[in-house]
């Protein structure tokens with residue numbers, strides 16, 4: 001009974017905030033926006049019921065049965081720490097105190113994943129000049145209906161929390177004057193789950209701020225001082241957690257490789273010899289595989305169609321990319337794209353299992369897709385404006 005009550009309350013709150021955000025972000029098409037957010041919510045929540053069907057660490061996180069965590073305590077704060085223990089810290093009250101079921105846990109995490117999707121949906125919708133068609137469907141709203149994007153953000157696990165944290169972080173950038181606290185909390189959430197990803201977020205925003213022409217020099221200096229102070233405070237703790245000597249790309253790739261090795265235990269049929277690949281092929285593997293020649297189960301078949309869509313979008317975007325667009329890109333998009341690029345460089349050289357690649361790239365791949373389709377939309381808007389001037 002408590003499970004049902006929790007689910008109803010949380011779903012009701014999300015539906016209510018869908019309406020509030022729709023009418024806060026739009027005037028003419030607010031009803032359309034609200035309806036599309038609710039449809040996306042229904043679609044995304046359906047994946048929370050499918051998520052338990054795939055074997056993985058999720059049940060261990062919820063059941064406190066992971067072998068790599070040696071803590072067995074009835075004190076919530078004994079689990080507070082970096083990585084997996086922090087996930088158990090978050091799960092303590094719903095599991096140990098409230099006794100909620102694993103399905104309820106997946107729905108709770110899934111709603112958090114949806115909130116991340118919603119942030120990106122609203123940002124992307126407001127940034128487009130014109131909606132465009134890919135495979136005969138409009139990017140708004142269907143770019144956010146990609147199966148893997150929804151599946152890996154619909155259940156208990158680090159992927160959902162990191163996706164939400166990054167999305168909340170970039171959403172805060174657009175409204176930084178009133179969302180600085182939520183940005184800090186989002187960065188902290190990612191830091192406690194995957195510290196190296198949080199460093200990618202901080203580095204990406206710092207680079208964007210330094211090269212931004214819209215921010216006064218004094219604010220740039222204050223921001224960079226704040227970032228530097230924060231990095232100095234947690235630097236040694238991160239190195240200790242990752243068991244490395246520095247935060248170089250080589251060291252982070254080694255961490256990703258070791259983590260992937262643990263995750264790959266029990267997985268077969270999707271390993272690739274990534275170390276023997278030249279760099280361009282490593283990037284291609286990270287971005288677009290598995291493809292149809294890699295298919296060995298239903299999941300890889302679905303992923304192949306989605307990866308083909310990624311490839312088509314990138315190919316369509318290439319003729320539309322312009323250097324001058326960098327200055328016109330919203331700050332949130334530039335930051336998200338940089339986070340994606342950092343993640344691609346680090347993880348593409350170390351992840352040798354296509355299943356793990358699908359999960360890891362899911363945190364950031366959407367930012368590349370939004371940038372590509374935004375560029376195509378911008379070119380089409382320019383052509384339409386020229387045609388109008390010529391006609392007049």
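What length, rounded to one decimal in nm, is gained on full extension from residue 328 through to residue 181, with 0.36 nm per residue of separation minus their alpha-carbon distance? Working shown, then result.
Numbers: separation 147, 0.36 × 147 = 52.92 nm, distance 2.64 nm.
Separation in residues times 0.36 nm, less the Cα-Cα distance, equals 50.3 nm.
For region 68-104 and region 139-162, what is the centre-to-centre distance using only Cα atoms, to the nearest Å?
Result: 24 Å between the Cα centres.
What do you get for the angle between helix 102-127 and the principal long axis of the chain? Use alpha-carbon atoms, 0 to 90 degrees, nearest ten.
20
Using alpha carbons only, how many degrees (0 to 90, rounded to 10) separate the axis of helix 2-25 from the longest principal axis of the chain?
Taking the Cα atoms of the chain, the angle to 2-25 is about 20 degrees.
Rank-order 163-175, 375-387, 319-331, 36-48 by packing density, defined as the average count of other C-beta atoms within 10 Å over each peptide's residues, highest first. Let's see the in-between values first.
On the way: 163-175: 23.6, 375-387: 15.4, 319-331: 12.8, 36-48: 18.7.
By packing density, highest mean first, the sequence is 163-175, 36-48, 375-387, 319-331.
Whole angstrom only: what separates the Cα centroid of region 295-362 from the Cα centroid of region 17-49?
That distance is 25 Å.
Give the angle, between 0 and 90 degrees and rounded to the nearest 10, that separates the Cα long axis of helix 158-174 from the longest principal axis of the Cα atoms of the chain.
40
So how do 333-341, 299-307 stack up, highest first, on mean other-Cβ count within 10 Å?
On the way: 333-341: 22.6, 299-307: 18.4.
So the peptides 333-341, 299-307, ranked by packing, come out 333-341, 299-307.
Highest first, please rank the peptides 309-316, 194-201 by the mean number of other Cβ atoms sitting within 10 Å of their residues. Don't skip to the answer; put the middle values down first.
On the way: 309-316: 15.2, 194-201: 23.0.
With the highest mean Cβ count within 10 Å placed first, the list reads 194-201, 309-316.
Pop the C-beta distance of residue 218 and residue 341 into the FRET formula with R0 = 25 Å and round what comes out to the nearest 0.05. The partial results should precede the final answer.
Numbers: r = 29 Å, r/R0 = 1.14.
About 0.30, to the nearest 0.05.
Laboratory data are not the source of any read-out in this text; all were calculated from the coordinates shown. Everything numeric here is computed off the predicted structure, so don't read it as measured data. Methodologically, a virtual Cβ is constructed for each residue, glycine included, from the backbone with ideal geometry; neighbour enumeration extends over all protein chains shown.
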